[in-house]
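**Student:** Okay, handing you the structure first.
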Amino acid sequence: MILRTVLLSTLLAFAGSGPGAIQEVRIMPVGTETEIVVVTSGEVSFRDFALAEPPRLILDLTGADAGLPSDSYDAIGRGGVERLRSSWFRPGVLRLVFDLDKVPSYEVDAEPGRLRITFPNPDGDFPLWSTREVESENVARAEARQVPAAQNLRVPDEPSRITVAFDSASMLDVLAGFSEYAGVSIVPSAAAADMTVRGVDIRNQRWDVALDAILAAQGLGWRLQSEGILIVDALEGLRTRDTLQTETRVFRINYAGADSVAKTLEQLATPNRGQVVAYQGANSVIVTDVPSVVARMDSLIQNLDRQTPQVSIDAKIIFVDRTDVQELGIVYDLKDVNGDTYGNSINDVIAVPDPFNPGELTNETLVDLAGNSIAALANANDRVLSPSLQILASTAFGDFSLSAFIEALEQHQLSDVQAAPSIQVVDNHRARIQVGEKTPVRVLDTGTGNVQAQATVQYEDTGIILEVTPHITNNLQILLDVSAERSGIQTDIPDVGYTFKKQIGQTRLLLDDGETMVIGGLTLSEVERSETGIPLLMDIPVVGALFRTTKTRETKQDLIILVTPHIVE
């Protein structure tokens, strides 16, 4: 007992608080809300969640080197808070548990040196409560009872830094000193209790690190159970204990998908023993495995289940189709003056009296060597369709008349299609937007043998289609996998019936936030020119233009696709 007291005094003499010590917890009214303030001597990271039965608010502080002076504060009874408890969830992670009247909707605001938790106040105005005031009252009561200072000093719960030295000390006495100092229950195995610690000199280290080094030198290890009991045994014994024990825990997934997290955790599960089940109803993962594996899964889930940023993509698809048509032709009609007069249409000129069938007209080529009339028609089979200009010129010479039909057409067509689809998607997920239709396609299976042909209908997506998958890099750039399409159906195709016209741009880009990039630029130019006319005469220089029909058709198509991504804060 004397040795244990000396050891405890040595540990306390060299104990100190780290930079992340928890200095105070305050509960106060702020308007119609209750505010809980956790004051620290340095910056700590946190994780918060609430439980419904019984109603509790849990705050895990990572990086805290020192906790509260007491592990329990009862009878708070104000602002909806009934009780405050603190314990070490694992080395370096301090857990604060607030017992509440009911589970409220709350908000957590972090700033250097303090965390603020606010929720609706169900009790009205109430006096401020602080852990410092409670500890001051405890000290005052102890002094009033004239308790010696050594007995009034409480050993902190946090892993503070210590300096210890042991030479031929019993393992039981060493563990008893750590148990008194750290405020944890330590249970050694029979083999560990019989060991002796020699030649140990540890300076300015955390107590859990010091204990781990001492046990490792003896071939021992320790496991902290969920009840707060620390088991010390040989490493092989701890593995056997882990194999015999299992723990079931439900992890609520906030941002990721439960099925994807479960597939990842299955790789860590103990073969033929561990079990990971995804529950889609509550987006949770149920894990049953040995405690050490469950603890590793808990740490992995905290890294995987993070709020994912979103990306807004603005795209613009511009398609311009220009068509220029120029046609010029002259049709000649030669006949004698005794023939039929010219009617109102070219068909009247083509149809002439049939000498073999009196009283009827014909448009066939007839040669009657015994006849007394002559007629000729030139450039009549390739005429200008829907001409914008028609000029008729007629002249007579001798017993013949010559009529010329001058036809001209100049046409300009412009089609400008602009689409500006905009879509917002979570990082690393695929998004698709379509403005158009599903076009049915009839597919005919000719069959074989005695099997009759069968027709089926398939559907083809047409219109403006944008598919994008964003990836946000560590330097806040955006890596985009983009596919933009403009498509439509074209009918009246001989032997086929119809075809699909598509303009597609597909690429991968690296852009800054708000930067615009052209991912597709295509200019297609097509010129068609045809000349038909009277043989020999159409080839005469300069004058040959009077004896031929000229058609020119020029088509130009421009396609431009622009993309602008934005990171949504």
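**Student:** Suppose R0 equals 56 Å. What FRET efficiency, 1/(1 + (r/R0)^6) with r the Cβ-Cβ distance, do Thr32 and Ser170 give to the nearest 0.05?
**Tutor:** Approximately 0.40, to the nearest 0.05.
**Student:** Here is a further query. Give the residues of the stretch 270-314 whose amide nitrogen is closer than 13 Å to a point set 7 Å from the Cα of Ser260 in the direction of its Cβ.
**Tutor:** Within reach of a label on Ser260, which here means backbone N under 13 Å from a point 7 Å along Cα→Cβ, the stretch 270-314 contributes 304-310.
**Student:** Using 7 Å Cα-to-Cβ label points, what is the Ser72/Arg249 separation (nm, one decimal)?
**Tutor:** About 2.3 nm, to one decimal.
**Student:** Could you compute the net charge surrounding Leu265? Neighbours are other residues with a C-beta less than 12 Å from the C-beta of Leu265; K and R count +1, D and E count -1.
**Tutor:** -2
**Student:** Place a point 7 Å from Cα of Lys501 in the direction of its Cβ. Which residues in the stretch 395-433 have their backbone N less than 14 Å from it?
**Tutor:** 413-418, by backbone N distance to the label point.
**Student:** Which length gain, in nm to one decimal place, applies between Glu554 and Ile58 when the Cα-Cα distance is subtracted from 0.36 nm times their residue separation?
**Tutor:** Between Glu554 and Ile58, full extension yields an extra 171.2 nm.
**Student:** As I understand it, the dipole of the stretch 165-289 uses +1 on the Cβ of Lys and Arg and -1 on the Cβ of Asp and Glu, about the Cα centre. Which of Ala217, Ala262, Val187 lies farthest toward its positive end?
**Tutor:** Ala262
**Student:** Okay, moving on. Extension gain Ser422-Glu569, at 0.36 nm per residue separation less the Cα-Cα distance, in nm?
**Tutor:** Full extension from Ser422 to Glu569 adds 51.2 nm.
**Student:** Stretch Leu235-Glu528 to full length: gain in nm at 0.36 nm per residue minus the Cα-Cα span?
**Tutor:** 96.8 nm
**Student:** While we're looking at this one, here's another question. With label points built 7 Å along Cα→Cβ from the Cα atoms of Arg273 and Arg132, find their separation and express it in nm.
**Tutor:** Placing both labels 7 Å beyond Cα along the Cβ direction yields 4.9 nm.
**Student:** Once you place label points 7 Å from the Cα toward the Cβ at Val200 and Asp336, how far apart are they in nm?
**Tutor:** It is 13.8 nm.
Read the figures in this text as sums done on the coordinates, not as results from a lab. No experiment lies behind these values; they were computed from the predicted model shown. Because the Cβ atoms are built from the backbone with ideal geometry, glycine has one as well, and the counts that use them run over all protein chains shown.
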